[in-house]
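Asker: Would you mind keeping the following structure in view while I ask a few things?
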Amino acid sequence: MSATGANVEAVTPVVLAGGRGTRLGGINKATIEIGGRRVIDRLLDALRPLAAGEIIIVNNDGSLAGLPGTRTVPDVDPGAGALMGLYSGLRAVRTPLATATACDMPFVSTVLLRALLELAVDHDAVVPVLAEQPEPLHAVYRVTCVPAIEAALAAGRKRLVAFFDDVRVRYVDEASVRAWDPDLVSFLNVNQPEDLARAQALAR
C-alpha cells in the first residue's frame, strides 16, 4: 500500500468482538456510545478505507450481524480467548493481508494502520510496541500466520503473542508509532469505567 492509499496487496480488516465485557458489567462494548456514536460505527469508519471488500467481524452472539460491508463469523471455539478470535478471523479472510483490531477501540487510526500495512513487505506480522509491550490488536497480519496460530492453540498456548516466534514479525517502536499517532489514542480500549470516561472526554 502506498502513501496515497493505493493497494499493492488487498487487505481485509478483522474486528474481534467475541469478548463478554465483564469489566464493564457485561455490556456489549462495541455498542457503547462515545460522543453520540457507537464504538463499532467509529471503528468501521476507520477501517473501510483500508478494505479491499468486506470487513470480518468475529462475533458469537449475532449482535453485530448485518452491518454494512461486513461479514460476521463465530469463533471456532467460543470463549477460548483473543488468540482464538484472531485465528477465527484470519481463517475467514480471502486476501493476503489483514488488519486486526478489537471492537472496543473507538479511535483506531486509518493513517496508522495504513503505515503499518506499508511495512508488511517480507513480513507475516507488523506489530506496534508501546512501553516495551507488543500491541497485537492494532496490528497487521498475513494469512500465512494461520498455521502457526493453529499450532500454538493446539499446544495450549493462548496468549496473543504465542505464535510470534514462529512467524516473521516486524516490530514498530513507540517513537515511530507516535509519528502517526502522537498521543497514542488509537490504542485506547474501553475496558473499564475509567477508560470509558477518558474516551468520552476525548470525543468531546
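The values are calculated or read from the model by the stated rules, or taken from the named source; none is laboratory data. The shown structure was predicted, so the numbers you read here are calculated from the model rather than taken from an experiment. Every residue, glycine as well, gets a Cβ built from its backbone with ideal geometry; the counts of neighbours run over all protein chains shown.
Asker: Look through ALA199, ALA125, ALA179, ALA120 and report the one residue that is of a type outside the set (Phe, Trp, Tyr) and within 26 Å of ILE32 (Cβ to Cβ).
Answerer: Testing whether each residue is of a type outside the set (Phe, Trp, Tyr) and within 26 Å of ILE32 (Cβ to Cβ) leaves just ALA199.
Asker: Of the residues VAL126, VAL167, VAL111, which is over 22 Å from GLY85 (Cβ atoms) and in contact with a helix residue (DSSP H, G or I) (Cβ under 7 Å, 6 or more places away or on another chain)?
Answerer: Residue meeting the stated conditions: VAL111.
A quick yes/no check of all residues on (1) within 19 Å of PRO96 (Cβ to Cβ); (2) surrounded by fewer than 16 Cβ atoms within 10 Å (Cβ to Cβ); (3) free of Cβ contacts under 8 Å to residues at least 24 places away in the same chain; (4) touching a Gly at 6+ places or on another chain (Cβ under 7 Å):
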{"site": "LEU113", "(1), (2), (3), (4)": "yes, no, no, no"}
{"site": "ALA139", "(1), (2), (3), (4)": "yes, no, no, no"}
{"site": "ILE149", "(1), (2), (3), (4)": "yes, no, no, no"}
{"site": "ALA175", "(1), (2), (3), (4)": "no, yes, yes, no"}
{"site": "GLU194", "(1), (2), (3), (4)": "no, yes, yes, no"}
{"site": "ALA199", "(1), (2), (3), (4)": "no, no, no, no"}
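Asker: Same structure, new question: So PRO106 passes all but one of these: (1) in a loop (DSSP other than H, G, I, E, B); (2) closer than 22 Å to ALA10 by Cβ; (3) in contact (Cβ under 8 Å) with a residue 40 or more places away in the chain; (4) touching a strand residue (DSSP E or B) at 6+ places or on another chain (Cβ under 8 Å). Which condition number does it fail?
Answerer: Unmet condition: (2).
Asker: Given (1) part of a helix (DSSP H, G or I); (2) at pLDDT below 90, where does ARG48 come up short, assuming only one miss?
Answerer: Here ARG48 clears every test but (2).
Asker: If you check ALA100 against the conditions, is it in contact (Cβ under 8 Å) with a residue 60 or more places away in the chain and outside any loop (DSSP other than H, G, I, E, B)?
Answerer: The answer is yes for ALA100.
Asker: Filter the stretch 45-63 for residues that are buried (at least 21 other Cβ atoms within 10 Å of the Cβ) and in contact with a strand residue (DSSP E or B) (Cβ under 7 Å, 6 or more places away or on another chain); which is farthest from ASN28 (Cα to Cα)?
Answerer: Checking each candidate, the answer is LEU50.
Asker: Related question: Residue under question is LEU43, and the condition is that it be closer than 15 Å to PRO106 by Cβ, outside any loop (DSSP other than H, G, I, E, B) and at pLDDT 90 or above; does it hold?
Answerer: Answer is yes for this residue.
Asker: Still on this structure, I have one more. Please work out which residue is surrounded by the fewest Cβ atoms within 10 Å (Cβ to Cβ), limiting yourself to the stretch 151-162 and to residues that are within 17 Å of ASP77 (Cβ to Cβ) and aliphatic (A, V, I, L, M).
Answerer: Of everything passing the filter in the stretch 151-162, ALA154 is surrounded by the fewest Cβ atoms within 10 Å (Cβ to Cβ).
Asker: Considering VAL129, VAL167, VAL143, which residue is closer than 20 Å to THR12 by Cβ, within 15 Å of the chain's Cα centre (by Cα), modelled with pLDDT of 95 or more and not aromatic (Phe, Trp, Tyr)?
Answerer: Exactly one of VAL129, VAL167, VAL143 is closer than 20 Å to THR12 by Cβ, within 15 Å of the chain's Cα centre (by Cα), modelled with pLDDT of 95 or more and not aromatic (Phe, Trp, Tyr), namely VAL143.
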